[in-house]
Each structure stands twice: as structure tokens, then as C-alpha cells.
Amino acid sequence: MQWVKRTPLPDQEELSRLYKKLLVTGGCGFIGSNFVRFVFNSRPQCHVINLDALTYASFKDNLADIHDHPQYRFVHGDIRDRVLVDQLITECDAVVHFAAESHVDRSIMDPEPFVETNVLGTQTLLTAAHKNGKVRFLQVGTDEVYGQLALEDPKAGFTENDLLKPNNPYSATKAAGDLLARAFHHTHGVDTVITRCSNNFGPYQFPEKVIPLFITNLLEDKKVPLYGDGRNVRDWLHVLDHCDAILTVLEKGKAGEIYNIGGNNERSNIELTSMIIEALGQSQDMIEHVKDRPGHDRRYAIDATKISQQLNWSPTRSTWPQALQNTVQWYVDHQDWCQSVKNRKFDQYYEKQYGKQHR
Ligand code: NAD
Ligand code: DAU
């Protein structure tokens, strides 16, 4: 399969840090499902338990090819379920915690599920990790916790020492999760590592996020709703580069540390949109400027010097335009998947978010 590249196995010295049994939370979502597949391709000794509540953003079928793998087990459950989480953690030597409410626009509509999962759910897992005493806990975090940079800011990107200044309810709850992980390390000695990554792109992303939303709209002959002036900037990283970085931090990261992960690939939304339209051979007239997202962060950028210098990681799959074109092609080739995830419930969300007129 074109998306799967093998990561070389670590040398003998590092083998002692390989984990054999992972509890992956949120493994049926976008990044989690890519991660589970990535683990089985690059670490054949690994067993994976995938704990996922199967919210609107997830699809069990994202891992249909893995389902019967003898080292894979799916558990349909909630990370806030203390009894379940306590029991699963005793079976594992590491937790990779992806499960989250992840869409900024939805957090603006209703922040409650974000607090429930991203804060309380993370605390439940950390408490279980503390009780268990032996597991390594990797908190999958986001660059959004640092707030925003101005377009003209000369700073190359956020560093791990920057203050946390989350600007929307989603990023505020992710910052709370990170701070809990930090506190459980400091107070209880839990072996935590935190990653903070920039915007991901690639296969299996739920089409509420800008790249798959715009591709699937265009495939349905619908216009694409570009917020505000379209000059906001994001740093795009291919999801498999993110998976590779997470595995690197899991195996080589130092307890209690934070590692930023970025693609070194900053693009304005208008540039991104034009590239998607071009890749699909459509007209730039398909862009419709709509009301801006409230509190819309202007620019995210990551300084990934630490992970590059200390853990020898850098992205290899994120180069544009080729990587973006491959992603567009994946959605073109998987229109059945797109249609099944853009169901009636999604239509209701779309109308609430973008208004009746934008259809
Ligand atoms: P996603 O929304 O696609 O998937 C989230 C998964 O978590 C889903 O499978 C969902 O069912 C599951 N989940 C939600 N609540 C749960 C609960 N209470 N119990 C168990 N499972 C639950 O998200 P994603 O884009 O794959 O993001 C994964 C993680 O990576 C998140 O923590 C997110 O903050 C972080 N992150 C994402 C990006 C990005 O660009 N997508 C970038 C940096 C960091
Ligand atoms: O930076 C990492 C974060 O990236 C992750 O932590 C989040 O989970 C993930 O959702 C993503 O957040 P963003 O808000 O940056 O992603 P989104 O795809 O929603 O939007 C990307 C940019 O595109 C942003 O500037 C808003 C703009 N946009 C988005 C949508 C959905 C539009 O112009 N129109 C849209 O309809």
C-alpha cells in the first residue's frame, strides 16, 4: 500500500526501550488509525489494544484490514470509564493517548464534550497509569496550546519553553490535558512524555477538517467555505510523519519532557485551497469567502529543533505539492468512504456551522 513506509528498526542499544503491548486510545480516529497500522508495519513484535468510544469522528472500518490481526484487540469503551481503563492499563507497558474531541469549530458551538474527554478522560487515564506504576504515558498534544503568531512575526516557530496561551475551548482543554500529564510526572513520578504537533493531513481524516472538507465538497460540486480573508497560516505535516515522530518519542523520549513536531511546511489557507482546486482540475471560482471563525488563530508554526537534534527525527513524507496531491487522490479513490462518513448527522452539523445558504 503506497502509504505504508517502514521505519528502520532501532539498533541493539535501543531495543531495551521497545514497548511490546500498547494501549492506544482513539485508535479509530484519523491519526490513531494511521498509527495502529504504522505500528504493525514497523514494530511486528507489538500487541495493540485500541480503546475507542466510536464517536461521530471515528470509524471502526478505518482499521478493517487490521481487525483480524492476532496481536490486535478492539475495545469499544470510554476513556472516562475508570474500571475499564484500570484493567486495560494492567495489560500494557505503554499508553499512546490520542482520544479527544478534536475540532475547533465544534468546541466553539459546545465546549462540554471537550472538557469531558480532553480533561476528565486524560485525568482518568493518568490516574490509572499512576496506580499501575510501570507504564510509559505518551500524551498526544497540539501546537494550538501555544496560541497564535502574527503573520509578520519573525519567530521561526513555537518552542517547548513558550508560554501556553490557548485561544479556543478545544486548545484550552488540550492544554489542561498536557498540564495534568506534566503534574502526574512531577508529583507522582508517572513516566510521561508529551508531543505537540502541527496540522496533519493524509488518509482517513474526518471531512469536517479543512483539507478533506474542501476535497469532498469539490467532488460533490459544492463551493468551499474559506474563513475570513484566507490568509491564516498552518504548518502541514503528513500523518505518517506524525506517527513516526510519536513512535520515536515513545521509544527514545526522556520522561517528563515535551517534544514539538512540525512539518516545516507553512501555507496560507488560500494557497492550500488553490492547490486543492488545481489538483482536482476545477475553477478558482469555487472559493466562497465566508464569515471568519470566532477567535481564529492567525498563524501556527513549530520550531522542531529539539526532536530533530535530541531524537534524530525529521519529516520525510510531507513535501508539497506531491504529498498533498497524493492525499487528494486518496479521497478521490475512496469516495464510498467519504460518502458514508458525510452522513445525515454531518449534514445537520454543516448547516449549523455554515448556514443554509452554503449548500
Ligand atoms: P479524531 O477526532 O479524528 O479522532 C479522535 C478519536 O478519539 C475518535 O476515534 C473518537 O471516537 C475517539 N474518542 C473521542 N472521545 C473518546 C472517549 N471519551 N473515549 C474513547 N475514545 C474517544 O482526532 P485526530 O485528528 O485523529 O486527533 C488525535 C489526537 O491528536 C487528538 O488528541 C488531537 O488533539 C491530536 N492532534 C491532532 C492534530 C490534527 O491535525 N488532526 C494535530 C496535532 C494533535
Ligand atoms: O494545529 C493542530 C490542530 O490542527 C489540531 O490540534 C486540531 O485537532 C486540528 O483540527 C487542526 O486545527 P485547525 O483549526 O487548524 O484545523 P481545521 O482543519 O479546522 O482548519 C485549518 C484552517 O482552515 C484554519 O485556519 C481554519 C480554516 N478553515 C477551516 C474550515 C473547517 C476554513 O477556512 N474553512 C473551513 O471550513
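Values in this text are rule-based calculations from the coordinates and carry no lab data. This structure is a prediction, so every number in the text was calculated from the model and none was measured. Methodologically, a virtual Cβ is constructed for each residue, glycine included, from the backbone with ideal geometry; neighbour enumeration extends over all protein chains shown.
Considering only the Cα atoms of the chain, their convex hull presents on average a projected area of 16.8 nm².
Working from label points 7 Å from Cα in the Cα-to-Cβ sense, the Asn41 to Leu219 distance is 2.0 nm.
Note on segment 214-359: antiparallel DSSP beta bridges, both residues inside, total approximately 40 percent of the bridges counted. The count of lysine pairs in segment 247-359 with alpha-carbon distances below 25 Å, taking only pairs 8 or more places apart or on different chains, stands at 9. Beta bridges per DSSP, both residues in the chain: antiparallel share near 10 percent.
Taking segment 180-258, which trypsin sites (Lys or Arg not before Pro) meet the DSSP loop condition and have no more than 14 other C-beta atoms within 10 Å? Passing both the DSSP loop test and the Cβ count: Arg231, Lys254.
Sorting the Cα pairs of segment 165-249 by distance into bins of 5 Å, from 0 upward, gives 3, 11, 14, 18, 20, 14, 9, 6, 3, 2, 1 percent per bin. If you bin all the Cα-Cα distances of segment 23-79 at 5 Å, starting from zero, the percentages per bin are 5, 21, 37, 25, 9, 3, 0.
A straight line joining the Cα centroids of segment 246-263 and segment 75-121 runs 20 Å. Taking a point 7 angstrom from the Cα of Tyr349 along the C-beta vector, which residues in segment 75-102 have backbone N less than 12 Å away? Output list for this probe position: 101-102.
Using every pair of distinct Cα positions in segment 212-359, the Kirkwood expression returns a hydrodynamic radius of 17.3 angstrom. Between Asn161 and Lys20, residue separation times 0.36 nm minus the direct Cα-Cα distance comes to 47.6 nm.
Rounded to the nearest 500 deg cm²/dmol, what is the calculated helix-only ellipticity per residue at 222 nm for the chain, with -39500 (n - 2.57) per DSSP H run of length n ≥ 4? Mind dumping the intermediate values first?
On the way: 13 runs with 135 residues, N = 359.
Value at 222 nm, helices only: -11000 deg cm²/dmol.
Using only Cα positions of segment 136-203, each an equal point scatterer, no hydration layer, compute I(q)/I(0) via Debye at q = 0.27 Å⁻¹ and quote the log10 values to two decimals. For segment 136-203 at q = 0.27 Å⁻¹, log10 I(q)/I(0) is -1.23.
Excluding the site residues themselves, the longest part of the chain lacking any GluC sites (Glu not before Pro) in a DSSP loop with at most 15 other Cβ atoms within 10 Å is 221-359.
I need the trypsin sites (Lys or Arg not before Pro) found in segment 71-141, filtered to DSSP loop residues with at most 14 other beta carbons within 10 Å of theirs. Walk me through the numbers before you get to the answer.
Details: sites: Arg73, Arg80, Arg82, Arg106, Lys131, Lys134, Arg136; in loops: Arg80, Lys134.
Listed in order of number, the matching sites are Lys134.
Would you please classify the overall shape of segment 83-126 from the alpha carbon gyration tensor, given that a ≥ b ≥ c denote the square roots of the eigenvalues, rounded means a/c under 1.5, and beyond that prolate means a/b larger than b/c while oblate covers the rest? Prolate is the answer for segment 83-126, as a/c is 1.5 or above and a/b outweighs b/c.
Our coupling estimate for segment 223-231, obtained by passing each phi through the Karplus curve with A = 6.51, B = -1.76, C = 1.60 and θ = phi - 60°, is 6, 10, x, 8, 6, x, 8, x, 8 Hz, Gly and Pro reported as x.
Ranked for footprinting exposure by Cβ neighbours inside 10 Å, fewest first, Thr117, Thr248, Thr319 give Thr319, Thr248, Thr117.
Put a dot 7 Å past the Cα of His188, heading toward its Cβ, do the same for Asp68, and the two dots end up 4.0 nm apart.
Here the Kirkwood formula puts the hydrodynamic radius of segment 49-125 at 13.6 Å, using every distinct Cα pair.
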